[in-house]
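A.B. asks: First the structure, then my questions, so here it is.
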2 protein chains.
Amino acid sequence: MMQTRVIPPAEGAYQYPLLIKRLLLSGSRYEKTREIVYRDQLRYTYPTLSERIARLANVLTAAGVKAGDTVAVMDWDSHRYLEAMFAIPMIGAVVHTVNVRLSPEQILFTMNHADDKLVLVNSDFVGLYQAIAPHLTTVEKTLLLTDGPQKTAELPNLVGEYEQLLAAASPTYDFPDFDENSVATTFYTTGTTGNPKGVYFTHRQLVLHTLSLATVTGSVDSTRFMGTNDVYMPITPMFHVHAWGVPYVATMLGIKQVYPGRYEPDMLVQLWKTEKVSFSHCVPTILQMLLNCKNSQGVDFKGWKIIIGGSSLNRALYEAAKGHGIQLTAAYGMSETCPLISAAHINEELLAGLEDDRTTYRIKAGVPVPLVEPAIIDADGNFLPADGETQGELVLRAPWLTMGYYREPEKGAELWKGGWLHTGDVATLDGNGAIDIRDRIKDVIKTGGEWVSSLELEDLISRHPAVREVAVVGIPDPQWGERPFALLVARDGQGVDARGIKDHLQPFVELGHINKWAIPSQIAVVGEIPKTSVGKLDKKKIRLDIAQWQAENSGVLSSL
Amino acid sequence: MMQTRVIPPAEGAYQYPLLIKRLLLSGSRYEKTREIVYRDQLRYTYPTLSERIARLANVLTAAGVKAGDTVAVMDWDSHRYLEAMFAIPMIGAVVHTVNVRLSPEQILFTMNHADDKLVLVNSDFVGLYQAIAPHLTTVEKTLLLTDGPQKTAELPNLVGEYEQLLAAASPTYDFPDFDENSVATTFYTTGTTGNPKGVYFTHRQLVLHTLSLATVTGSVDSTRFMGTNDVYMPITPMFHVHAWGVPYVATMLGIKQVYPGRYEPDMLVQLWKTEKVSFSHCVPTILQMLLNCKNSQGVDFKGWKIIIGGSSLNRALYEAAKGHGIQLTAAYGMSETCPLISAAHINEELLAGLEDDRTTYRIKAGVPVPLVEPAIIDADGNFLPADGETQGELVLRAPWLTMGYYREPEKGAELWKGGWLHTGDVATLDGNGAIDIRDRIKDVIKTGGEWVSSLELEDLISRHPAVREVAVVGIPDPQWGERPFALLVARDGQGVDARGIKDHLQPFVELGHINKWAIPSQIAVVGEIPKTSVGKLDKKKIRLDIAQWQAENSGVLSSL
């Protein structure tokens, strides 16, 4: 380490740790009349949020939760979840946001692995919880979360019902200071193989992520990604990378927040209307579902900004949303990155240019936010040029990346090989530092010595007017190594076949966008495409399904 | 310390220090065609800024500057200053921003006290430097900064001229990582007694200050304090609390920056016009000067947002600026606080209310920015209620407060008594946490057992149409302890006398805004009011002047 000048603080000087409790300071100073809304069931203002967080901290402390303990939450998106995301870390404990869409076996694995001590259980998950309870090895107590009249349930070691406990607790709590590198949150990410892996984020990391996210603009027209006058409603579950960290940003800025509970598309549209929602974020498949639901038909969603992440955003969905008045902006990140890494940014040059070029940029991963340092490397770890052409694995440095996988030192070391976090994504970086994700390393299709991006093919195929959804995977081929296979869902009442797709792709070959080897050999029109628990295309499952169909149907479904 | 969960990072995991070099990452990614402009002499884009910083780092390293060394800058506001604010800390050294408006003796004191090793000297200060050079105890080398054709000067141990050295240096530099708690910047603050005191800020503190400042909005209409489409020109010198840290924010966000050199009002107005400046910050006296200069007459500055700090903003100046199309917003901070603590924030309630109420809020110290924790205390250190009424000393916690005074442990401990930074300001906090500065503790006028705020009196008197500037101080009075004394500058061609001021104040007494003891006993109409080196009212000098006048004129100048 270099001999820089480090001066010991004066006697009494307060060395300020970056703790989540500090994110609560400014919201109610800015806008104390703004509301936190839970469906059509509850609404309260910012000062009440602070008070409820103090009450919850008292409830948890009385239930025996201590600094360093893990407290799990099994809930839909709610004001309670928001309160837990503050109160649990603020007493020095760790909040485990349980992915309730995993299988019971996986949920059980994550809860035992995370050492959960107390669990907050929504009444909808009481049955699930009862089924796994006998196998839980560390949980000592439960708290019931309920919207309805029932205030008790057959939960083992039940401390009580959330609202009743809060009502009885003291409204003040003297939140302590501690090491800013203390773990605040944890959750599990499911890979293609092996058990779910636990990522974790410290107080310092979450505060820095919140600050950087709050500076993001998205366009030189100076409107923010999320402005202080926006009304925020998450449509990415709070168990999924803390709803991308946006609840912390909204709270710091004093923005009205609307929590929709379970994601029922018609309910989301209803809340959008009654609460005047103007800012949300979701994965492409949820947006698709939203646009297709009954309440959305014929509705102009003008003024609704939605950030799309989790999977790449294709042009067809972008245009469909635009047709509904929704301004989409793509962003990029992953569970390991807290998650925000980059967001589409329309700069001065693009703003002065063509709408079509702006669209091309808006659907890409975008420009890294402040403090993020990206690079691309080859298979040997050599840095590659940022020329917008050369593809390599995207690696990252930022102040808010998981420092490993919980209790998995080898997987952690693999993630951090060479001192950079390995995303597993193939990307280019252009001269502006804009990231363009080409594919997951494992989803790139290697055919006849060429690399074909499954994402690029999906984007092009999605532009066919009869295609509602598409997934492309590589399947083993004795001659070419791999060949692209496309799975399609047709728009209601529209026919599409292999020939139509080939004719649609041919001009892109002629324009040089793709080479002719990229045209899928096979295509299957299906009713639904398999998704993961967080709504992404489940390519692992798709490959397995295709292998099974091929075995059952001795090969080809629809050859080109 | 509590037993929270702190997990050692995985093997190879990169623990990201908050270093100033990271603030350079995003600007050129966002807007690489944006310019840094120096008067009408030089303009270049963001990628060139990064390159010039690397060149400067090579020049400094070749000149023998090492991590931990202090490098002083004596320059007007320039692109060179901006480059120095990055390059010097980025090599692990400390940049000392010399206050060139201090007396030669004070400058000499600060340079010896700070251990300056190398000095960057603008050709305008060569004479000054030559005069103090024989007494400098630590300086080894000098660099010449010059705008004109002369590329050399009679500077002792001259390494060379800035532009020539940069041109000859390598355009790349591998900036190292080091402890984020390393000191990056230092400068001196002059109190009412004793030698100037050195405050200092670390890399971590400046990065956090930059992030928080970038989130500040100022109004619920979602326009930013400074938006990415703004054009920034400082009118608070860069030697004064690094131009309030705004150059770091502008650079992080990729905003066009205009550096005006020496503050000549007509030149500032010219640059405003040619470069389309839309965001600035200054102290009230500089704004006054700007509005009164030749080039400003009859000009509509529509779209120019100016943040006012350093001294309290009175309503008369607010209205005068508004008459010129300038939107003023007050902010609060001090040298010890990096500086930003709070800024006027027009919330939803105020936006729906009366313009006059918004003005009242816009001229106050405003709402603390994210992460800042304010409190008010009595003389015994007891916390006082935040009721908007109770006055006490404002004390602070924030991640970017100086951790002491350089080599002055006792003064540092005094500053941090009880674990809170003592501002020396008397303030109230209202239910929203908004700060209203009532006075400096030492400027409060204690008359007949009542406390009278000199700031409040100045505000009320400034509303008299014939008053251009006013300062109120307490002067010793055998009967009342102290009595208020007002010093006025009349508007051109307008007469004002004690009777007129008394008549003007009477309604405020009747409305209960002030009590009758607050009406100044004496008044002097003068041509100019003494200012400090940074343009604040110099109340120490004013008190001395008054004492002298009283001695010379045996007392009263103009009694009420």
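A.B. asks: Put one equal scatterer on each alpha carbon of region A:24-201, apply the Debye formula with no solvent term, and list log10 I(q)/I(0) at q = 0.12 1/Å to two decimals.
C.D. replies: Scattering profile of region A:24-201, log10 relative to I(0): -0.55.
A.B. asks: What aspartates and glutamates could a cross-link reach from B:Lys322, if we take a straight Cα to Cα line under 14 Å and drop same-chain neighbours fewer than 8 places away?
C.D. replies: Within the straight-line cut-off, B:Lys322 pairs with B:Asp300, B:Glu355, B:Asp356.
A.B. asks: Right, another one. Would you mind giving the total buried accessible surface between chains B and A, with a 1.4 Å probe and ligands, DNA and RNA left out, rounded to the nearest 100 Å²? Kindly include the intermediate steps, with their values, before the conclusion.
C.D. replies: Values: alone 23880 and 23900 Å², together 40380 Å².
Protein heavy atoms only, the B-A interface buries about 7400 Å².
A.B. asks: Past the 45 angstrom mark, what percentage of all C-alpha to C-alpha distances in the protein assembly as shown do you count?
C.D. replies: Numbers: 242464 of 626640 pairs.
Result for the distance tail: 39 percent.
A.B. asks: Another question, then. Among chain B residues, which Cβ is nearest the axis of the B-onto-A rotation, and at how many Å?
C.D. replies: It is B:Leu211, 2, counting Cβ atoms only.
A.B. asks: Also, quick follow-up: Non-local amide H neighbours of A:Val94 (under 5 Å, H modeled in plane, Pro and chain starts lacking H): which ones?
C.D. replies: A:Gly68, A:Asp69, A:Thr70, A:Val71
A.B. asks: Can you give me the Kirkwood hydrodynamic radius for region A:223-267, using every pair of distinct Cα atoms, in Å to one decimal? List each step's numbers first, then the result.
C.D. replies: Working: mean 1/r = 0.0896 Å⁻¹.
Taking every pair of different Cα atoms in region A:223-267, averaging 1/r and inverting gives 11.2 Å.
A.B. asks: Output wanted: per-residue J couplings in Hz (rounded whole) for region B:515-529, from phi through Karplus 6.51 cos²θ - 1.76 cosθ + 1.60, θ = phi - 60°, x for Gly and Pro.
C.D. replies: Per residue, the Karplus-derived 3J(HN,Hα) values read 9, 5, 5, 7, 5, x, 6, 9, 8, 10, 9, 10, x, 7, 10 Hz.
A.B. asks: Here's a follow-up. With each pseudo-label sitting 7 Å past Cα toward Cβ, what's the B:Gln106-A:Asp387 distance in nm, one decimal?
C.D. replies: 5.7 nm
A.B. asks: Considering only C-alpha atoms, what is the centroid distance from region A:499-531 to region B:81-107, in Å?
C.D. replies: Measuring centre to centre over Cα atoms gives 61 Å.
A.B. asks: So which of A:Lys364/B:Lys21; A:Lys364/A:Lys442; B:Lys117/B:Lys539 end up more than 31 Å apart by C-alpha?
C.D. replies: Details: A:Lys364/B:Lys21 27 Å; A:Lys364/A:Lys442 20 Å; B:Lys117/B:Lys539 35 Å.
Beyond 31 Å between Cα atoms: B:Lys117/B:Lys539.
A.B. asks: Is the C-alpha gyration tensor of region A:403-494 telling us rounded, prolate or oblate? Criteria: a/c under 1.5 is rounded; beyond that, a/b larger than b/c is prolate, otherwise oblate. Don't skip to the answer; put the middle values down first.
C.D. replies: Details: a/c = 2.00, a/b = 1.75, b/c = 1.15.
It comes out prolate by the Cα gyration axes.
A.B. asks: Right, here's the next one. How well do other chains shield peptide B:298-306, expressed as the mean number of their Cβ atoms within 10 Å of each residue Cβ? Can you show the working numbers first?
C.D. replies: Working: counts 0, 0, 0, 0, 0, 0, 0, 0, 0.
The per-residue average across the peptide is 0.
A.B. asks: Given label points at 7 Å from Cα along Cα→Cβ, what nm distances, shortest first, separate A:Leu42 from the same residue in every other copy?
C.D. replies: The answer, with the shortest distance listed first, is 6.0 nm.
A.B. asks: Can you check how the C-alpha radius of gyration of chain B compares to 2.2 N^0.38 Å, as a plain ratio? Please list the in-between numbers first.
C.D. replies: Values: Rg = 24.1 Å, N = 560, 2.2 N^0.38 = 24.4 Å.
In units of the 2.2 N^0.38 Å rule of thumb, it is 0.99.
A.B. asks: OK, next. Pull out a ≥ b ≥ c, the square roots of the eigenvalues of the alpha-carbon gyration tensor of region B:445-559, then state rounded if a/c is under 1.5, prolate if not and a/b is larger than b/c, and oblate in the remaining case. Let's see the in-between values first.
C.D. replies: Working: a/c = 1.39, a/b = 1.05, b/c = 1.32.
Verdict is rounded for region B:445-559.
A.B. asks: Using the Karplus curve 6.51 cos²θ - 1.76 cosθ + 1.60 with θ = phi - 60°, what ³J(HN,Hα) values do you get for each residue of region A:400-409, in whole Hz, with x for Gly and Pro?
C.D. replies: So the J values, rounded to whole Hz, are 10, 9, 4, 7, x, 10, 4, 6, 9, x.
A.B. asks: How many Å² of accessible area per residue for region A:445-559, probe 1.4 Å? The partial results should precede the final answer.
C.D. replies: Values: 5670 Å² over 115 residues.
Result: 49 Å² of accessible area for each residue.
A.B. asks: Further question on the same structure: Students often forget the sequence filter, so: which aspartates and glutamates lie under 13 Å Cα-Cα from B:Lys305 once same-chain residues fewer than 8 apart are removed?
C.D. replies: Here the aspartates and glutamates satisfying the reach criterion relative to B:Lys305 are B:Asp230.
A.B. asks: Related question: If you take the alpha carbon radius of gyration of region B:1-90 and divide it by 2.2 N^0.38 Å, what ratio comes out, to two decimals? Working shown, then result.
C.D. replies: On the way: Rg = 17.7 Å, N = 90, 2.2 N^0.38 = 12.2 Å.
My calculation over the Cα atoms of region B:1-90 gives 1.46.
A.B. asks: Counting only other residues whose beta carbon sits under 11 Å from that of B:Ser170, what net charge do I get with K and R as +1, D and E as -1? Write out the running numbers ahead of the final one.
C.D. replies: On the way: positive: B:Arg55; negative: B:Glu51, B:Asp174.
After counting each charged neighbour, the total is -1.
A.B. asks: Grab the other residues whose beta carbon is less than 12 angstrom from that of A:His203, score K and R as +1, D and E as -1, and report the net.
C.D. replies: Details: positive: A:Lys21, A:Arg22, A:Arg204, B:Arg5; negative: A:Asp177, A:Asp179, A:Glu180.
Overall, the nearby charge balance is +1.
A.B. asks: If you add up the charges near B:Gly12, with Lys and Arg at +1 and Asp and Glu at -1, over every other residue whose beta carbon is less than 11 angstrom from its beta carbon, what do you get?
C.D. replies: Details: positive: A:Lys417; negative: A:Glu414, B:Glu11.
In short, -1.
A.B. asks: Something else: Starting at the first residue of region A:288-302, write each ³J(HN,Hα) from the Karplus equation 6.51 cos²θ - 1.76 cosθ + 1.60 with θ = phi - 60°, in whole Hz, x for Gly and Pro.
C.D. replies: Each residue's phi maps through the Karplus curve to give 4, 4, 5, 5, 8, 6, 4, 5, 7, 5, x, 8, 9, 8, 2 Hz.
A.B. asks: Quantify how strongly other chains surround peptide A:206-212 by giving the mean number of their Cβ atoms within 10 Å of each of its Cβ atoms. Don't jump to the answer; show the numbers that get you there.
C.D. replies: Numbers: counts 0, 5, 5, 0, 4, 9, 5.
Mean inter-chain Cβ contacts per residue within 10 Å come to 4.
A.B. asks: Leaving ligands and nucleic acids out of the surface, order A:Arg29, A:Arg397 by accessible area at 1.4 Å, largest first. Please list the in-between numbers first.
C.D. replies: Working: A:Arg29 20, A:Arg397 50 Å².
Descending accessible area places them as A:Arg397, A:Arg29.
A.B. asks: To the nearest Å, what is the center-to-center distance of region A:390-410 and region A:333-356, using C-alpha atoms only?
C.D. replies: 21 Å
A.B. asks: Among the aspartates and glutamates, select those whose C-alpha is under 14 Å from the C-alpha of B:Lys541, and discard any that sit fewer than 8 residues away in the same chain.
C.D. replies: Output for B:Lys541: B:Asp443, B:Glu528.
A.B. asks: Let me ask another. Using only the Cα atoms of region A:138-291, construct the convex hull and provide its projected area averaged over every direction, in square nanometres to one decimal.
C.D. replies: On the way: hull surface 54.0 nm².
Computing the convex hull of the Cα atoms and averaging its projections yields 13.5 nm².
A.B. asks: Skipping prolines and chain starts, which residues have an amide H placed within reach, meaning under 5 Å, of the one on B:His281, given they are 5 or more residues away or on another chain?
C.D. replies: The list, which skips near neighbours in sequence, is B:Ile235, B:Thr236, B:Ile307.
A.B. asks: Next up: Residues of A:365-374, mean number of Cβ from any other protein chain within 10 Å of their own Cβ, rounded to a whole number? Could the numbers behind the result be given before it?
C.D. replies: Values: counts 0, 1, 5, 4, 4, 15, 11, 5, 6, 2.
That works out to 5 on average.
A.B. asks: Tell me the carbon and sulfur percent of the accessible area for chain A, rounded to whole percent, probe radius 1.4 Å.
C.D. replies: Numbers: 10200 of 20200 Å².
Ligands and nucleic acids excluded, carbon and sulfur reach 50 percent.
The values are calculated or read from the model by the stated rules, or taken from the named source; none is laboratory data. Predicted model only: the values in this text are computed from it and were never measured. For neighbour counting, all protein chains shown are included, and Cβ atoms are generated from backbone atoms with ideal geometry for every residue, glycine included. Protein only, heavy atoms only, side chains kept; ligands, DNA and RNA dropped before computing areas. Shrake-Rupley method; radii C 1.70, N 1.55, O 1.52, S 1.80 Å.
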